[in-house]
Amino acid sequence: MARRRKLIVPEAEQGVRAFKAEVMRKEGYDVDPANPDDVKYEVAEELGIPLQRGGNGKLTTEEAGQVGGQIGGAMVREMIRLAQEKMSQR
């Protein structure tokens, strides 16, 4: 099933994609800036999870969460770091 989530501010899409690519590059992944979502396949392979393009209905919730958590967790850690840095500059 295709993902249908949309950002509240559509103009932010490019910035979010660039942020994701930057964060995952810092995490040591080879990221195509034009398609940062493709990094999930590299993460899945590293974790031994059989994620494939198209249908992944046979994945368990835990397996899907491991892939998403690895990516989302890195992004949240970086956002917190940036916020703390900005607050300390005040």
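Structural remarks
- A straight Cα-to-Cα reach below 29 Å connects K58 with the lysines K6, K20, K40, residues fewer than 8 places away in its own chain not being considered.
- Segment K86..I8, full-extension length gain: 25.7 nm, with 0.36 nm per residue of separation and the alpha-carbon distance subtracted.
- Computed lengthening from V16 to R53, 0.36 nm per intervening residue step minus Cα-Cα distance: 11.1 nm
- With kT/(6 pi eta Rh) evaluated at 10 °C and eta = 1.306 mPa s, and Rh the Kirkwood radius from Cα pairs, the chain diffuses with a coefficient of 110 µm²/s according to Stokes-Einstein.
- Under 14 Å, Cβ to Cβ, from E27 - net charge with Lys/Arg +1 and Asp/Glu -1: +1
- Relative contact order of the range 11-88, pairs being alpha-carbon contacts under 8 Å that are 6 or more residues apart, as %: 26 percent
All of the numbers you see were taken from the coordinates with simple rules; none came from a lab. Worth saying up front: this structure is predicted, and the values here are computed from it rather than measured. Methodologically, a virtual Cβ is constructed for each residue, glycine included, from the backbone with ideal geometry; neighbour enumeration extends over all protein chains shown.
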